[in-house]
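Peer 1: Please see the structure below; I have some questions.
The values are calculated or read from the model by the stated rules, or taken from the named source; none is laboratory data. All values reported here derive from a predicted model rather than from experimental measurement. Methodologically, a virtual Cβ is constructed for each residue, glycine included, from the backbone with ideal geometry; neighbour enumeration extends over all protein chains shown.
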Amino acid sequence: MLLIRCPYCEEDRPEVEFSYAGEAHIVRPVDPSLMDDAAWAEYLFVRDNARGRHYERWYHIYGCARFFNAVRDTVSDKFSMTYKMGQPRPTDAEITEANNDGLS
Amino acid sequence: MTGFRKTGCGRIAEAQVIHFTFDGKKYEGRKGDTLASALLANGVHLMGRSFKYHRPRGVMGAGSEEANALVTFDRGPGRVTPNVRATTLELFDGLVARSQNNWPNLKFDFGAINDVFSMMFPAGFYNKTFMWPKSFWDKVYEPVIRKLAGLGPAPTAADVDHYANIYRHCDVLVAGAGPAGIAAALAASETGNRVIVADEQNELGGSLLCTPGTIIDGQPAWQWLKESIEILKSRQNVTLLPRTTVIGYYHDNYLGLVERLTDHEKNLNPDKPRERMHRVRAGKVILATGSIERPLVFAGNDRPGVMLASAAQIYLNRYGVAVGNNVAVFTSHDSAYEVAFDLSDAGVNVASIIDVRPTVSEVLLEQARKRAITVQSRAVVCRTQGRLKITGVHIAQMQDQNIITRPTHIACDCLLMAGGWTPSVHLFSHSKGSLKWHDDIGASVPDLPNENAVSVGACNGTFGLTAGLDEGAIAGGGQGKFSTSATEFGRGQTWQALPTDRDPSKIKAFVDFQNDVTEKDINLAIREGFKSIEHVKRYTTTGMATDQGKTSNLNAVQIASKAIQAPVQQVGLTTFRPPYTPTSFGALVGYRAGDMFEVTRKTSIDGWAEENGAVFEPVSLWRRARYFPQGGEDMHAAVTRECEATRKGVGIFDASTLGKIEIVGPDAAKFMNLMYTNPWTMLAAGRCRYGLMLGEDGYIMDDGVIGRLADDRFHVTTTTGGAPRVLRMMEDYLQTEWPELDVWLTSTTEQWAVIALNGPHARKLLEPLVDGIELSPESFPHMAVREGTILGVETRLFRVSFSGELGFEINVPAHYGRDLWEALIKAGEGYGITPYGTETMHVLRAEKGFIIVGQDTDGTITPDDAGMSWAIGKKKLDFVGKRSLDRADIKASGRKQLVGLLTDDPDIVLEEGAHIVATSGQSVPMTMIGHVTSSYWSAALNRSIAMAVIKDGRALTGKSIYIPMPKKTHEAKICSAVFYDPKGERLNVV
Amino acid sequence: MVKYSVASLFANALHGHKKWPKQWPDAAPKKAYDVIIVGAGGHGLGAAYYLAKKYGVTNVAVIEKGWLGGGNTGRNTTIIRSNYLYDESARIYDHAVDLWDGLSQELNYNVMFSKRGVLMLAHSVHDVQSFQRHIHANRLNGVDNQWLTPEQAKAFCPPVNISPGARYPVLGAALQRRAGTARHDTVAWGYARAAAALGVDIIQNCAVTGIRRGADGAVQGVETERGFIGAKKIGVSTAGNSSVVMQMADLRFPLESYPLQALVSEPIKPVMPCVVMSNSVHAYISQSDKGELVIGAGTDQYISYSQRGALHILEHTLASICEIFPIFKRMRMLRSWGGVVDVTPDRSPILGKTPVPGLYVNCGWGTGGFKATPGAGDLLAYTIAKDEPHPINAPYTLERFQGGRLIDEAAAAAVAH
C-alpha cells in the first residue's frame, strides 16, 4: 500500500485515504469552442501513460479533501515528490534533488 | 512403545501424553509435538500421496516448506481445513487428521495406477492429447482430469470461525526470530525503538531450537535463548508475535503478517478469532528469514523415509524423535555431518555417510571415526528400494558425473539428503530487492534492497552462527561482538541431478515432490524449446505446488541451466510472489464479513419503514423502502394502491438519500453555470430549477432540482448514487481548473432529512403545520423554495414534484426526520395519507416522462437524446460537456432518443431491457434500434406504459415497432413519454 | 510439425520421450520480413498464425522482449465469454468464442477450452435491469445468454450463497453456457508451435526499441536490441506497454495502464463447476483443472507498469468471494501476482490501422483481453493482410474517440437513482 505525502496535511498517509485522479497538468482549454474534434478528443482522452516518470494527481478524499500533484515513477511506483495544486511541473533538477532527499 | 522417542532429547515435555487420530487410527503423542513428529515417534512415515503419480510419500521436512505430508485437519463442521502440512500442525489432545488424495486408503491407493503408466504422463502430456473426439473434452476427459486433480477435499460447510485484523506501526519489524533475528530485536529495542518480532513457529528461536549443544557468549544455546526472550518480553516497546508468518512485503515497508490463534488449542473459545492479519507499516525491516535445505536429485529420492537431514536434526533435538533406527546420510554439504553425529550420540545407528564430494574435511572424518560411522566420498546413492517405506539404497563411486563402480547395497530405514542451503529471499524479493547469484553456494542472495530493509543471517548468505548474530545486532543498531562455539558452518556443493546406474529415461529423480516433476521432465521441457525458467516452470509445473518451489526451484533452475549449457542467470529465477506460505482467505477477509461486509446507509426515517413492513431495495450503499405491502399484498398490488392513493389524496415518501450540496460564495452562480447545462444567473432567490449535469464528454451524468436560497447560495440536489461522484467532480474543477472562483462546497446529504408530500391534498395537509411560509399558489409557485419552520423545526421547503401532482419536499435537520414523518402521518390521517416507496416513485415519474439517470440514461445519452435540449442555456459560452455536444457523432442522426411506448395490448407490461426492432419476423441476428428503459403498469391510465431509447425515435412518433420476446413478439407505438396530464394541470390544484 | 495425439504420446513414451522436437525453433532474426508482429502474447502469436494460415502471408516474425506468452497471456484468470451488450462487442467476442471452439483441433494442441458456463450474479434491482438488457440484446444477436432465478443459479453452481439475508443478496443471474475457460499458457504455445510450423520466426528476448519510418512517414522496420529488422508492415500487440511502443511512432494513444492482480488457492477436489462473476460484489472465480480456485477482480487505482499492486485490493476481492461463497473462507491463497492492462476510455479495444502507413495496432483490451485471443489474432491478421479492417473490427478505430462513437460497455453499469 503506497505511502503518499499530502502536501497540504504535510504527512505521509496510506493509499486508502486517497483517490487517484489521473494525469496532471492537463489544462482545460479556456475556450473549448476553438478546438476541432481531434484536439478536443486529445484533451479528453489522450494521455502520456508514461512508463517511468509520471506527473499525476491525487485526491486526499478521506483526509483534507484537496487535490494535489505528484511525480511518481510508474515502474518502481516510488514517489519523487508531491506538490500543491496550481504549482508548475517541477524541473528535472528539482526532481533529482527530491529523489536524493528520499534516499538519505 | 518408545522405540523412536529418545529420552533426554528434545524440548517438549515427555510427561504430557496426549492422543490423536490419523486416518481413523488412534496414536499417542506429546504436548508440543507436531502431527509429523508424533507420527514419526510412532514409526509412521507414510503420510501422503503425490499429486500426479500418487506415489507413497513420507514427510520430507520439519517446517512450512513441506511438500509431501499434506493432511486434512478436521475439527468439526465448518472447521475442516484441507492441505495442512503435518509438519506445522500443532498437536492437541483429540486432534483428528486424515491423509489426502488417495482411494480407498493411503496404503493402497488406486491412483497409483498413474505411476504404473507414468510414461504416458510426462510433463505437458495433456497438451498433446485429449483432443479427439472433440466433444469428449467437455464430456469425458476434463471431468475425469478434474476428479483426479486437486489435493484436499472440497469444503462443504461455511467456515464458522471468524478472523480479525489490526493495523500496526513500528520503527523496526524483525521477520524471523532465529538467532540473527533475536540479536537484531535485542539491539533495536535497547535504544527504545518500537520493535515487532514475528516468527512462523510456535516458539521463537529458529535454528537454535535444534542445536542445544551450542554455546553462545558462555551460555548453552537454549539458556541464551530463554534469557533473550525474557528480556524482549520485559520491554514495553517490543511486541513478540510467534505463530505469525510474514506473508508479504509490499510498497513502502507495508507488510502483511498472519497470526494463528486457535488451531493449536484443544478447547475453542468462540469469541476468539482463528487468525489475525496484522497490517504493519515499519520504519525499517530486518529480514532474518533463514534458509531452507535442498534435497538431492537422484533416482528414487521420494520414497517414504527419505528426508532432509536438517529435518532429522529438528525431530531429534527439538521433538525428541528419532527418524529411524538405521539411518543413511547422503550429502553434498558438511552440515549433514552434525546431524549424523547427533543421531549417533542419541543411539541411532548411522549406516553410512555417502558424500558426493571428492574430499571431506579431516575434522569431520575424525568425528565420524570416533562414532564408527563409515564415510564414503565421491559416492552417490544411485537408487533406492522400498515402496511404502525405504528399505535400502544402492551406492556407487562417481567420477565426472558417471558411475564407475558396481553399486553396493546397504539396508537402511531412513535416508537423509543434504543438498546445500537456499537463503530464503522471498520477502526481500516481494519488495523488489535485487538478487545476485553466488556460484559457491548455488543460490541467490540479496543484493540491493528496494525499501528500507536489511537482510541478516542465513537469508543473507551468512551461514555461520557467530556471523549471523553479529549481523543481526548491527542491523538493529548495536554491535556485533558475539562469541559462540559453533564451528564454521561448513562448505558444500550443490548439484543438479546425480547419476544413476540405470537407464536415466526409466528412473524417477524428483525435483518437485508434490507435483511429481522429475529431472526427466525438465530436460524434456528444454528439449521441446522451453528455455526460460518461467517456461520450464509452467510447462512442467515445477515450483507451482503448495510449497511454491521452496525445496525445488533451485534444483530445477540448475538442471535447466545444465541442459541449456548456459549460466543460471540466463535461465533466470522465477518471480517470488506473496504469500510466503498459503494464507487463509479468512485472514485476508478479516472483519469484512457478514454484517460488516459493507456499510448499509439508512435514513433517519428507515426505522419507521422497517417497523411498518417496508420491503427494501439497495440503492448504492443505501437501503430504501421499495414498497409498503399491506395485508399480504404483492409488489404489484401494493404499488397500484400507493400510486392511486398519491394521485387521489396524498402520498408521503422518504427522499432523504438524495445527495445535497450547499454551494456558497460570491461566485456561486458562475460556478453553477459552468457545472450544469442550465443558466443560473437570472434565477431569482427563492426559485428552483431542474439541473442537468454532463460529463466533459457530453453525456448526462446526473440531475436534480436546485434551489437558489440567495444570490450566493444554492441548495443543490443530486441522485442518490451520484452524490459522491458529483461532489468530487465539482471539487476537482473548483480546486484545479477554476481556483480563482470565490465559492465553496459543503456536502449536506446527511444533514437534511427530506420528506416528499405529493397529491392534491398536500397543501392542505402542510399549511397548518408550517410557520413563516405562505403556501398559497400565488406566494409559493411551483419550483420555488422557502425557509421557515414546521412544527417548530427549521425547514427548507421546496415546492417541487416528481410525480406531476402538487408536491412539496420538506427538508429538516436529519435528526428530526422520523418525528416529522410520524407527525405528518398522524396529521394526514384525514386525507388518507399513504406512505410509498421507490417503486411507486418510479411509476409516478414515468407517467410524466421524467428520466431516472442511470436507468433511462446509461452514460451514453446526451441532453438532446433525452429530449432535454431545453435544459441547456443557449447563450452560455461554456459549461462542462458543452464542447463535446458539438462532436460529429453526437450531432449525427441515428442516435437513440428517449420516447414513450404504448403497447397495442394494454395489459402487456414490457420487460425493462427488452430490445426493439423496426420490423417483425427478422431472423437472428436482428437489427436492433433501441431498448425499453422503464416499464410499468400505470394505475392512473389503467394500462401499461414504457419509456425507451430508439434510434431517431422522435421522428418515428406514431409508428409501430416490435419487441421480440422468446415466446411472442409484442407490438407497440412510439409516443410522447408524457403519458399522464400532458399539460401539467394537476400541479395547479388549489 | 509432429502431430500430437495419444498415439504419438505412446510412441514417444517408448523412446523415453527423447524424440519430441522443439515446439518452436530458436529463430535468429532475418534482415527483413513482410510483416513484423511486436509482442508474442496470445494475440500477437495468433495474428502471426492466421497471417500464415488464412491470409497467405508467411514471411512473418513475431518479436518479443521477454519470453513468449510471458505478459498478460500468462497471468490472467482465463475467463472466456461473449455476452456483451453492444452489437459491436457481441460480434467481436462471439467471433473469438467461435474460434475457441475447435482451436485445440485446429492447432493440434490442447488448449483445454472448457465450455462450463459463465454465471454472472445480479445483486440489486439495477443489476437485474442491466443483465436483462444484456440478455435481450444477446438473444436478438444470437449470443446465448439466459436469465436464471436465484434457485436456478444455485442449482447450476451449488457453492453460491443465495440467502436473502446477505448484504447483497443474489436476485438472479445471467448464464452463458458456451462460455468458460481455457488454459492460458497453452494458447500461446499452441499458436507459437503452429505458426512456427508455417514458417513464422518467433524471436524472443529481443526488445523493440524504435520504429523506423521513411520520409513518406510509412514504416520501414523496427529497431531492436539485436539491431534493425526491416518490415513492410508492423502489427503492434503489446497490451500494457502499447503507449510505450506507439510513442516510438510518435503516436499518443487514449490508454492508461493499470496493475491487475489475481490469485489462486491451494488445489482441492472439484467444487466449482463453472465460472462465476459478480460486478457489484466485485470478484470473479473459477476452478482450474488442477483444482485451484482462480480469483480476480478490478485493477489497482493508479497507473503502473510494476505488475504488483496492493494487498488491500486482494483483501477486498476475497471478502467479496467469501460473501458469495461462505464455504471458501477456510481456503488458502497460494500465490498472488499482477499484470499490467491498458484501458481505453470506453473499455473497448482499438484494433485496426493507425495514422502511420503500414502500422497496425491491437490494444486497449483492458481487463478482458484473454477471451478475445483467437478473435483478436484473426482480425489483426486480416487487417494487416488486407490493409483494411474486417467488418467485425471496423468499429474499433482510434478515430472513434474523436467523433464520440464509443462502444461503452462499462457505462451501462453506472448506478444512480
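Peer 1: Of all residues in the stretch B:677-697, which are surrounded by fewer than 24 Cβ atoms within 10 Å (Cβ to Cβ) and of a type outside the set (A, V, I, L, M, F, W, C)?
Peer 2: B:678, B:679, B:681, B:686, B:687, B:689, B:690, B:691, B:695, B:696
Quick grid of which residues meet (1) of a type in the set (Gly, Ala, Ser); (2) at the interface with chain C (Cβ under 8 Å from one of its Cβ atoms); (3) surrounded by fewer than 21 Cβ atoms within 10 Å (Cβ to Cβ):
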| position | (1), (2), (3) |
| --- | --- |
| B:121 | no, no, yes |
| B:136 | no, no, yes |
| B:154 | yes, yes, yes |
| B:159 | no, yes, no |
| B:162 | no, no, yes |
| B:167 | no, no, yes |
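Peer 1: Taking the stretch B:205-224 on its own, how many of its residues are in contact with a strand residue (DSSP E or B) (Cβ under 7 Å, 6 or more places away or on another chain) and either outside any helix (DSSP H, G or I) or among the charged types (D, E, K, R) (or both)?
Peer 2: Residues that pass the stated criteria total 4.
Peer 1: Here's something else I'd like to know. Given the conditions (1) surrounded by fewer than 19 Cβ atoms within 10 Å (Cβ to Cβ); (2) without any contact (Cβ under 8 Å) to a residue 24 or more places away in the chain, and given that residue B:92 satisfies all but one, which numbered condition is not satisfied?
Peer 2: In the conditions (1) surrounded by fewer than 19 Cβ atoms within 10 Å (Cβ to Cβ); (2) without any contact (Cβ under 8 Å) to a residue 24 or more places away in the chain, residue B:92 misses (2) alone.
Peer 1: For the stretch B:626-650, what are the residues that are in a loop (DSSP other than H, G, I, E, B) and under 41 Å from the mean Cα position of the chain (by Cα)? Don't jump to the end; show me each part of the working.
Peer 2: Taking the stretch B:626-650 as the starting set, the residues that turn out to be in a loop (DSSP other than H, G, I, E, B) are B:628-634, B:649-650.
Within the stretch B:626-650, B:628, B:629, B:634 qualify.
Peer 1: Then there is this: Residues of the stretch B:700-750 being more than 20 Å from residue A:62 (Cβ to Cβ), away from chain C (no Cβ under 14 Å) and assigned to a strand (DSSP E or B), which ones?
Peer 2: Once the filter is applied, which keeps residues that are more than 20 Å from residue A:62 (Cβ to Cβ), away from chain C (no Cβ under 14 Å) and assigned to a strand (DSSP E or B), the stretch B:700-750 yields B:705, B:706, B:707, B:708, B:709, B:710, B:713, B:714, B:715, B:716.
Peer 1: Can you find even one residue in the stretch C:300-320 that is assigned to a strand (DSSP E or B) and not small (Gly, Ala, Ser)?
Peer 2: no
Peer 1: Quick one: residue C:12 ticks every box in (1) over 24 Å from the mean Cα position of the chain (by Cα); (2) closer than 17 Å to residue C:380 by Cα; (3) within 13 Å of chain B (Cβ to nearest Cβ) bar one, so which box is it?
Peer 2: The number of the failed condition is (2).
Peer 1: May I pose another question? Residue A:52 - would you say it is away from chain B (no Cβ under 12 Å) and either without any contact (Cβ under 8 Å) to a residue 60 or more places away in the chain or surrounded by 16 or more Cβ atoms within 10 Å (Cβ to Cβ) (or both)?
Peer 2: yes
Peer 1: Here's another thing I want to ask about it. Could you check residue B:738 against (1) farther than 17 Å from residue B:881 by Cβ; (2) touching a Leu at 6+ places or on another chain (Cβ under 8 Å); (3) surrounded by fewer than 18 Cβ atoms within 10 Å (Cβ to Cβ) and say which number it fails?
Peer 2: (1)
Peer 1: Only one of these conditions is not met by residue B:174: (1) within 14 Å of chain C (Cβ to nearest Cβ); (2) assigned to a strand (DSSP E or B). Which number is it?
Peer 2: (1)
Matching residues to (1) in a loop (DSSP other than H, G, I, E, B); (2) buried (at least 24 other Cβ atoms within 10 Å of the Cβ):
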{"residue": "C:20", "(1), (2)": "yes, no"}
{"residue": "C:36", "(1), (2)": "no, yes"}
{"residue": "C:46", "(1), (2)": "no, yes"}
{"residue": "C:52", "(1), (2)": "no, no"}
{"residue": "C:57", "(1), (2)": "yes, no"}
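Peer 1: Now a separate question. For the stretch C:88-100, check the following and say yes or no: at least one residue is within 30 Å of residue C:346 (Cα to Cα), within 12 Å of another protein chain (Cβ to nearest Cβ) and assigned to a loop (DSSP other than H, G, I, E, B).
Peer 2: No, that holds for no residue.
Peer 1: Continuing with the same structure: Being assigned to a loop (DSSP other than H, G, I, E, B) and within 16 Å of residue B:176 (Cβ to Cβ) is the filter; apply it to the stretch B:241-292 and report the residue that is nearest to the other protein chains (Cβ to nearest Cβ).
Peer 2: That would be B:243.
Peer 1: Let me ask something additional. Between B:1, B:60, which is over 28 Å from the mean Cα position of the chain (by Cα), at pLDDT 95 or above and in a loop (DSSP other than H, G, I, E, B)?
Peer 2: Step by step, each of B:1, B:60 is checked, and only B:60 is over 28 Å from the mean Cα position of the chain (by Cα), at pLDDT 95 or above and in a loop (DSSP other than H, G, I, E, B).
Peer 1: Take the conditions in contact with a strand residue (DSSP E or B) (Cβ under 6 Å, 6 or more places away or on another chain), touching a residue at least 40 places away in the same chain (Cβ under 8 Å), closer than 24 Å to residue C:26 by Cα and surrounded by fewer than 19 Cβ atoms within 10 Å (Cβ to Cβ) and apply them to residue C:221. Does it pass? Please lay out each step first, then the result.
Peer 2: Working: in contact with a strand residue (DSSP E or B) (Cβ under 6 Å, 6 or more places away or on another chain): yes; touching a residue at least 40 places away in the same chain (Cβ under 8 Å): yes; closer than 24 Å to residue C:26 by Cα: yes; surrounded by fewer than 19 Cβ atoms within 10 Å (Cβ to Cβ): no.
Judged against the criteria, residue C:221 is not a match.
Peer 1: Could you grab me the full set of residues in the stretch B:390-410 that are within 49 Å of the chain's Cα centre (by Cα) and surrounded by fewer than 18 Cβ atoms within 10 Å (Cβ to Cβ)?
Peer 2: Scanning the stretch B:390-410 gives B:391, B:401.
Peer 1: When only residues in the stretch B:706-735 that are of a type in the set (Lys, Arg) and surrounded by fewer than 22 Cβ atoms within 10 Å (Cβ to Cβ) count, which is farthest from the chain's Cα centre (by Cα)?
Peer 2: Looking only at the stretch B:706-735, we keep the residues that are of a type in the set (Lys, Arg), and these are B:708, B:713, B:725, B:728.
Narrowing the set further to residues that are surrounded by fewer than 22 Cβ atoms within 10 Å (Cβ to Cβ) leaves B:713, B:725, B:728.
Numbers: B:713: 45, B:725: 26, B:728: 28 Å.
Top of the filtered list is B:713.
Peer 1: Which one of the conditions (1) touching a residue at least 60 places away in the same chain (Cβ under 8 Å); (2) buried (at least 20 other Cβ atoms within 10 Å of the Cβ); (3) assigned to a strand (DSSP E or B) does residue B:48 fail to meet, given that it meets all the rest?
Peer 2: If we test residue B:48 against (1) touching a residue at least 60 places away in the same chain (Cβ under 8 Å); (2) buried (at least 20 other Cβ atoms within 10 Å of the Cβ); (3) assigned to a strand (DSSP E or B), just (1) comes out false.
Peer 1: Which members of the stretch A:18-33 meet the condition of being in contact (Cβ under 8 Å) with a residue 24 or more places away in the chain and more than 8 Å from chain B (Cβ to nearest Cβ)?
Peer 2: Residues satisfying the conditions are A:18, A:20, A:22, A:23, A:24, A:25.
Peer 1: Out of the residues in the stretch B:228-266 that are more than 14 Å from residue B:579 (Cβ to Cβ) and β-branched (Val, Ile, Thr), which is surrounded by the fewest Cβ atoms within 10 Å (Cβ to Cβ)?
Peer 2: Filtering the stretch B:228-266 for residues that are more than 14 Å from residue B:579 (Cβ to Cβ) and β-branched (Val, Ile, Thr), the one surrounded by the fewest Cβ atoms within 10 Å (Cβ to Cβ) comes out as B:231.
Peer 1: Sort out which residues of the stretch C:321-334 are within 7 Å of chain B (Cβ to nearest Cβ), part of a loop (DSSP other than H, G, I, E, B) and touching a residue at least 60 places away in the same chain (Cβ under 8 Å), and write them in order of number.
Peer 2: The answer is C:331, and nothing else.
Peer 1: Further, regarding this structure: Look through C:212, C:178 and report the one residue that is buried (at least 19 other Cβ atoms within 10 Å of the Cβ), basic (Lys, Arg) and out of contact with any Ser or Thr (no Cβ under 6 Å at 6 or more places or on another chain).
Peer 2: Working: C:212 fails: buried (at least 19 other Cβ atoms within 10 Å of the Cβ).
Of C:212, C:178, the one residue that is buried (at least 19 other Cβ atoms within 10 Å of the Cβ), basic (Lys, Arg) and out of contact with any Ser or Thr (no Cβ under 6 Å at 6 or more places or on another chain) is C:178.
Peer 1: So, in the stretch A:72-102, exactly how many residues are in a helix (DSSP H, G or I) and within 11 Å of another protein chain (Cβ to nearest Cβ)?
Peer 2: 1
Condition check ((1) buried (at least 22 other Cβ atoms within 10 Å of the Cβ); (2) within 19 Å of the chain's Cα centre (by Cα); (3) away from every other protein chain (no Cβ under 14 Å); (4) more than 19 Å from residue C:34 (Cα to Cα)) across all residues:
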site: C:199; (1), (2), (3), (4): no, no, yes, no
site: C:242; (1), (2), (3), (4): yes, yes, no, yes
site: C:252; (1), (2), (3), (4): no, no, no, yes
site: C:258; (1), (2), (3), (4): yes, yes, no, yes
site: C:268; (1), (2), (3), (4): yes, no, no, yes
site: C:283; (1), (2), (3), (4): yes, yes, no, yes
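Peer 1: Determine the pairs where a residue that is in contact (Cβ under 8 Å) with a residue 60 or more places away in the chain, located within the stretch B:762-781, has a partner that is assigned to a loop (DSSP other than H, G, I, E, B) and of a type in the set (Gly, Ala, Ser) with Cβ atoms under 8 Å apart, the partner being 6 or more residues away or on another chain.
Peer 2: B:765/B:828
Peer 1: Name the pairs whose Cβ atoms lie under 8 Å apart, with the first residue in the stretch C:1-22 and under 23 Å from residue B:535 (Cβ atoms), the second assigned to a loop (DSSP other than H, G, I, E, B) and among the small types (Gly, Ala, Ser), and 6 or more positions between them or separate chains?
Peer 2: So the pair list comes out as C:22/B:529.
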